[in-house]
1. ³J(HN,Hα) across the range 131-146 via Karplus (A = 6.51, B = -1.76, C = 1.60, θ = phi - 60°), whole Hz, x for Gly/Pro?
2. Using θ = phi - 60° and the Karplus relation 6.51 cos²θ - 1.76 cosθ + 1.60, list the HN-Hα couplings for the range 212-220 in order, rounded to whole Hz, with x at every Gly or Pro.
3. Long-range amide H contacts for Gly107: which residues qualify at under 5 Å (H placed 1.01 Å from N, peptide plane, sequence gap of 5 or more or a different chain)?
4. Taking 25 Å as R0, compute the FRET efficiency from the Cβ-Cβ separation of Lys124 and Arg253 and round it to 0.05.
5. What does the accessible area of Met45 come to, in Å² to the nearest 10, when a probe of 1.4 Å is used?
6. Identify all lysines with a Cα-Cα distance to Lys165 below 27 Å; exclude those on the same chain that are fewer than 8 residues away in sequence.
7. Rounded to the nearest whole Å², what accessible area per residue is found for the range 174-256 with the 1.4 Å probe?
8. Given a Förster radius of 45 Å and the C-beta distance between Ala219 and His245 as r, what FRET efficiency does 1/(1 + (r/R0)^6) yield to the nearest 0.05?
Amino acid sequence: MTEPNDTVPESHTAPESNTTTGPEGTDAPLHRRGIKSYVIRAGRMTQAQNRGLEDIWPRFGLTIADGRQDLDALFGRKAPRVVEIGFGMGNSLIEQAETHPDTDFIGIEVHAPGVGKLLDEVDKRGLTNLRVYREDALAVLEQCLPEGSLTTLQLFFPDPWPKKKHHKRRIVQPAFVELIRTRLMPGGTFHMATDWEAYAEWMAEVMEAAPGYANTASAETAPYVPRPAFRPLTKFEARGEKLGHGVWDLIYRREG
(Lines give C-alpha, C1' and ligand atoms only; values in the text may rest on other atoms or scores of the structure.)
Protein backbone atom coordinates (compact mmCIF):
# COMPACT_ATOMS: atom_id res chain seq x y z
CA MET A 1 0.00 0.00 0.00
CA THR A 2 1.19 3.48 -0.84
CA GLU A 3 -0.38 6.54 0.64
CA PRO A 4 -1.75 8.89 -2.02
CA ASN A 5 0.18 12.16 -2.10
CA ASP A 6 2.37 11.12 0.80
CA THR A 7 4.72 8.39 -0.37
CA VAL A 8 5.42 7.86 -4.06
CA PRO A 9 7.83 5.58 -5.93
CA GLU A 10 11.44 6.36 -5.21
CA SER A 11 13.89 8.17 -7.45
CA HIS A 12 16.11 5.63 -9.12
CA THR A 13 17.51 4.59 -12.45
CA ALA A 14 19.51 1.40 -12.22
CA PRO A 15 23.14 1.23 -13.36
CA GLU A 16 24.09 -1.19 -16.05
CA SER A 17 24.85 -4.78 -15.22
CA ASN A 18 24.26 -7.92 -17.25
CA THR A 19 25.60 -10.53 -14.85
CA THR A 20 23.80 -10.36 -11.52
CA THR A 21 20.27 -11.56 -10.93
CA GLY A 22 17.65 -10.99 -8.28
CA PRO A 23 16.64 -13.16 -5.35
CA GLU A 24 15.89 -16.79 -5.96
CA GLY A 25 12.96 -17.27 -8.28
CA THR A 26 13.72 -14.28 -10.50
CA ASP A 27 15.85 -14.20 -13.61
CA ALA A 28 15.82 -10.52 -14.43
CA PRO A 29 19.23 -8.83 -14.70
CA LEU A 30 19.66 -6.14 -12.09
CA HIS A 31 20.41 -2.51 -12.68
CA ARG A 32 20.26 -2.41 -16.45
CA ARG A 33 20.62 1.18 -17.57
CA GLY A 34 17.24 2.67 -18.42
CA ILE A 35 15.14 0.47 -16.10
CA LYS A 36 13.51 2.82 -13.64
CA SER A 37 11.89 1.95 -10.34
CA TYR A 38 9.66 5.02 -10.37
CA VAL A 39 7.02 6.62 -12.54
CA ILE A 40 6.69 10.41 -12.54
CA ARG A 41 3.01 11.08 -12.09
CA ALA A 42 1.37 14.29 -13.22
CA GLY A 43 -0.31 16.23 -10.45
CA ARG A 44 -1.78 19.63 -9.82
CA MET A 45 0.48 22.10 -8.08
CA THR A 46 -0.92 24.17 -5.23
CA GLN A 47 0.10 27.76 -4.63
CA ALA A 48 2.29 26.68 -1.71
CA GLN A 49 3.97 23.96 -3.79
CA ASN A 50 4.71 26.41 -6.59
CA ARG A 51 6.11 28.82 -4.02
CA GLY A 52 8.41 26.10 -2.77
CA LEU A 53 9.76 25.27 -6.21
CA GLU A 54 10.04 28.84 -7.43
CA ASP A 55 10.93 30.91 -4.38
CA ILE A 56 12.49 28.53 -1.85
CA TRP A 57 14.38 26.20 -4.20
CA PRO A 58 17.34 28.59 -4.75
CA ARG A 59 18.16 28.37 -1.03
CA PHE A 60 17.71 24.65 -0.42
CA GLY A 61 17.67 22.92 -3.81
CA LEU A 62 20.62 20.93 -5.19
CA THR A 63 21.29 19.52 -8.65
CA ILE A 64 23.63 16.94 -10.14
CA ALA A 65 25.28 19.79 -12.02
CA ASP A 66 26.58 21.02 -8.63
CA GLY A 67 28.92 18.01 -8.67
CA ARG A 68 30.48 16.23 -5.70
CA GLN A 69 29.38 17.89 -2.49
CA ASP A 70 31.51 18.92 0.46
CA LEU A 71 28.80 18.27 3.02
CA ASP A 72 30.55 20.17 5.82
CA ALA A 73 30.71 23.23 3.58
CA LEU A 74 27.14 22.71 2.33
CA PHE A 75 25.66 22.75 5.84
CA GLY A 76 28.32 24.90 7.46
CA ARG A 77 29.13 22.37 10.17
CA LYS A 78 30.06 18.78 10.98
CA ALA A 79 27.01 16.71 11.93
CA PRO A 80 25.36 13.33 11.41
CA ARG A 81 24.06 13.11 7.85
CA VAL A 82 20.86 11.34 6.79
CA VAL A 83 19.69 10.84 3.20
CA GLU A 84 16.13 9.80 2.37
CA ILE A 85 15.28 8.44 -1.07
CA GLY A 86 11.71 8.94 -2.27
CA PHE A 87 10.27 11.17 0.46
CA GLY A 88 6.89 11.62 -1.27
CA MET A 89 5.15 14.70 0.10
CA GLY A 90 7.88 15.04 2.72
CA ASN A 91 5.85 14.84 5.93
CA SER A 92 8.13 12.30 7.58
CA LEU A 93 11.32 14.02 6.49
CA ILE A 94 10.14 17.42 7.70
CA GLU A 95 9.21 15.95 11.08
CA GLN A 96 12.62 14.33 11.43
CA ALA A 97 14.49 17.50 10.47
CA GLU A 98 12.48 19.57 12.92
CA THR A 99 12.84 17.01 15.73
CA HIS A 100 16.58 16.52 15.20
CA PRO A 101 18.12 19.97 14.58
CA ASP A 102 21.62 18.62 15.27
CA THR A 103 21.37 16.26 12.27
CA ASP A 104 21.60 17.27 8.60
CA PHE A 105 19.12 15.78 6.12
CA ILE A 106 19.14 15.43 2.33
CA GLY A 107 15.97 14.36 0.55
CA ILE A 108 15.85 12.96 -2.97
CA GLU A 109 12.55 12.95 -4.88
CA VAL A 110 11.39 13.36 -8.49
CA HIS A 111 7.75 14.20 -7.71
CA ALA A 112 7.39 17.99 -8.20
CA PRO A 113 4.40 18.53 -5.85
CA GLY A 114 6.23 16.68 -3.09
CA VAL A 115 9.42 18.68 -3.55
CA GLY A 116 7.45 21.93 -3.62
CA LYS A 117 5.50 21.05 -0.48
CA LEU A 118 8.64 20.04 1.40
CA LEU A 119 10.44 23.27 0.51
CA ASP A 120 7.43 25.37 1.47
CA GLU A 121 7.39 23.69 4.89
CA VAL A 122 11.16 24.07 5.30
CA ASP A 123 10.77 27.81 4.87
CA LYS A 124 7.66 28.17 7.02
CA ARG A 125 9.28 26.26 9.89
CA GLY A 126 12.61 28.05 9.60
CA LEU A 127 14.61 24.86 9.12
CA THR A 128 18.24 25.11 8.03
CA ASN A 129 19.29 21.45 8.25
CA LEU A 130 17.60 20.09 5.12
CA ARG A 131 18.55 20.13 1.42
CA VAL A 132 16.72 18.62 -1.55
CA TYR A 133 17.55 16.99 -4.87
CA ARG A 134 14.86 16.69 -7.52
CA GLU A 135 16.94 14.12 -9.37
CA ASP A 136 17.42 10.44 -10.01
CA ALA A 137 18.67 8.95 -6.76
CA LEU A 138 21.36 6.74 -8.24
CA ALA A 139 22.86 9.65 -10.12
CA VAL A 140 22.96 11.62 -6.86
CA LEU A 141 24.59 8.75 -4.98
CA GLU A 142 27.13 8.12 -7.72
CA GLN A 143 28.02 11.69 -8.65
CA CYS A 144 27.24 13.95 -5.71
CA LEU A 145 27.57 12.23 -2.34
CA PRO A 146 31.10 11.41 -1.10
CA GLU A 147 32.06 7.91 -0.05
CA GLY A 148 31.80 7.24 3.66
CA SER A 149 29.87 10.46 4.30
CA LEU A 150 26.44 9.28 5.51
CA THR A 151 25.28 8.23 8.94
CA THR A 152 22.02 6.77 7.63
CA LEU A 153 20.26 6.17 4.34
CA GLN A 154 16.48 5.83 4.54
CA LEU A 155 14.19 4.10 2.05
CA PHE A 156 10.62 4.16 3.33
CA PHE A 157 7.75 2.49 1.50
CA PRO A 158 9.28 2.24 -1.98
CA ASP A 159 7.12 0.99 -4.83
CA PRO A 160 6.89 -2.81 -4.35
CA TRP A 161 6.31 -3.60 -8.03
CA PRO A 162 4.36 -6.72 -6.99
CA LYS A 163 4.08 -8.41 -10.39
CA LYS A 164 6.94 -10.83 -11.04
CA LYS A 165 7.61 -9.35 -14.47
CA HIS A 166 8.22 -5.99 -12.76
CA HIS A 167 10.56 -7.24 -10.02
CA LYS A 168 13.49 -5.93 -12.06
CA ARG A 169 12.15 -2.45 -11.32
CA ARG A 170 12.45 -2.82 -7.56
CA ILE A 171 15.05 -0.43 -6.28
CA VAL A 172 16.47 -2.87 -3.72
CA GLN A 173 18.92 -4.90 -5.80
CA PRO A 174 22.49 -6.12 -5.13
CA ALA A 175 24.24 -3.34 -7.06
CA PHE A 176 22.11 -0.67 -5.39
CA VAL A 177 22.80 -1.83 -1.84
CA GLU A 178 26.52 -2.04 -2.62
CA LEU A 179 26.47 1.56 -3.83
CA ILE A 180 24.75 2.58 -0.61
CA ARG A 181 27.35 0.71 1.44
CA THR A 182 30.12 2.80 -0.13
CA ARG A 183 28.34 6.04 0.81
CA LEU A 184 27.71 5.02 4.41
CA MET A 185 30.43 5.64 6.96
CA PRO A 186 31.63 2.55 8.85
CA GLY A 187 28.89 1.81 11.35
CA GLY A 188 26.35 3.74 9.30
CA THR A 189 22.92 2.22 8.72
CA PHE A 190 20.62 1.45 5.79
CA HIS A 191 17.02 1.63 7.02
CA MET A 192 14.17 0.26 4.88
CA ALA A 193 10.46 0.03 5.60
CA THR A 194 7.66 -1.53 3.56
CA ASP A 195 4.06 -2.57 3.99
CA TRP A 196 4.35 -5.37 1.41
CA GLU A 197 5.46 -8.57 3.13
CA ALA A 198 6.76 -10.12 -0.10
CA TYR A 199 8.94 -7.06 -0.69
CA ALA A 200 10.17 -7.20 2.91
CA GLU A 201 11.26 -10.78 2.26
CA TRP A 202 12.97 -9.68 -0.96
CA MET A 203 14.79 -6.88 0.89
CA ALA A 204 15.98 -9.29 3.56
CA GLU A 205 17.20 -11.79 0.99
CA VAL A 206 19.16 -9.16 -0.94
CA MET A 207 20.67 -7.73 2.24
CA GLU A 208 21.62 -11.08 3.77
CA ALA A 209 23.58 -11.87 0.60
CA ALA A 210 25.24 -8.44 0.44
CA PRO A 211 28.83 -8.26 1.69
CA GLY A 212 29.82 -5.68 4.29
CA TYR A 213 26.50 -5.44 6.12
CA ALA A 214 25.26 -6.75 9.46
CA ASN A 215 21.61 -7.03 10.41
CA THR A 216 20.81 -5.04 13.57
CA ALA A 217 17.71 -7.11 14.42
CA SER A 218 17.60 -9.24 17.56
CA ALA A 219 17.35 -13.01 17.29
CA GLU A 220 13.73 -12.78 18.41
CA THR A 221 12.61 -10.50 15.54
CA ALA A 222 15.22 -11.07 12.80
CA PRO A 223 15.43 -10.16 10.03
CA TYR A 224 13.07 -7.33 11.00
CA VAL A 225 13.18 -4.73 13.76
CA PRO A 226 10.29 -3.05 15.58
CA ARG A 227 9.50 0.39 14.19
CA PRO A 228 12.14 2.66 15.70
CA ALA A 229 10.85 5.70 17.56
CA PHE A 230 12.83 7.97 15.26
CA ARG A 231 10.82 6.88 12.19
CA PRO A 232 7.64 8.96 12.29
CA LEU A 233 4.38 7.04 12.19
CA THR A 234 2.30 8.33 9.27
CA LYS A 235 -1.48 8.70 9.46
CA PHE A 236 -1.73 6.13 6.68
CA GLU A 237 0.42 3.67 8.62
CA ALA A 238 -1.59 4.23 11.81
CA ARG A 239 -4.83 3.51 9.94
CA GLY A 240 -3.28 0.38 8.48
CA GLU A 241 -2.20 -0.86 11.91
CA LYS A 242 -5.78 -0.52 13.18
CA LEU A 243 -6.90 -2.68 10.27
CA GLY A 244 -4.24 -5.27 11.00
CA HIS A 245 -1.95 -4.35 8.12
CA GLY A 246 1.70 -5.12 8.72
CA VAL A 247 4.75 -2.90 8.27
CA TRP A 248 8.25 -4.32 8.22
CA ASP A 249 11.38 -2.33 9.14
CA LEU A 250 14.86 -3.58 8.28
CA ILE A 251 18.04 -1.89 9.49
CA TYR A 252 21.46 -3.05 8.34
CA ARG A 253 24.77 -1.61 9.57
CA ARG A 254 27.84 -1.14 7.41
CA GLU A 255 30.78 -3.14 8.74
CA GLY A 256 34.41 -2.17 8.23
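1. Whole-Hz 3J(HN,Hα) from phi for the range 131-146: 10, 9, 10, 9, 8, 5, 5, 5, 5, 5, 4, 6, 9, 10, 9, x.
2. x, 10, 10, 6, 8, 5, 6, 4, 6
3. When sequence neighbours closer than 5 places are left aside, the close amide H contacts are Glu84, Arg131, Val132, Tyr133.
4. Computed FRET efficiency for Lys124 and Arg253 comes out at 0.10.
5. 60 Å²
6. Lys36
7. Per-residue value: 48 Å².
8. Efficiency at R0 = 45 Å is approximately 0.95.
The values are calculated or read from the model by the stated rules, or taken from the named source; none is laboratory data. Predicted model only: the values in this text are computed from it and were never measured. Here Cβ is always computed from backbone atoms with ideal geometry, including for glycine, and neighbour counts include all displayed protein chains. Calculation scope for accessible area: heavy atoms of the full protein, side chains included, ligands and nucleic acids excluded. Shrake-Rupley method; radii C 1.70, N 1.55, O 1.52, S 1.80 Å.
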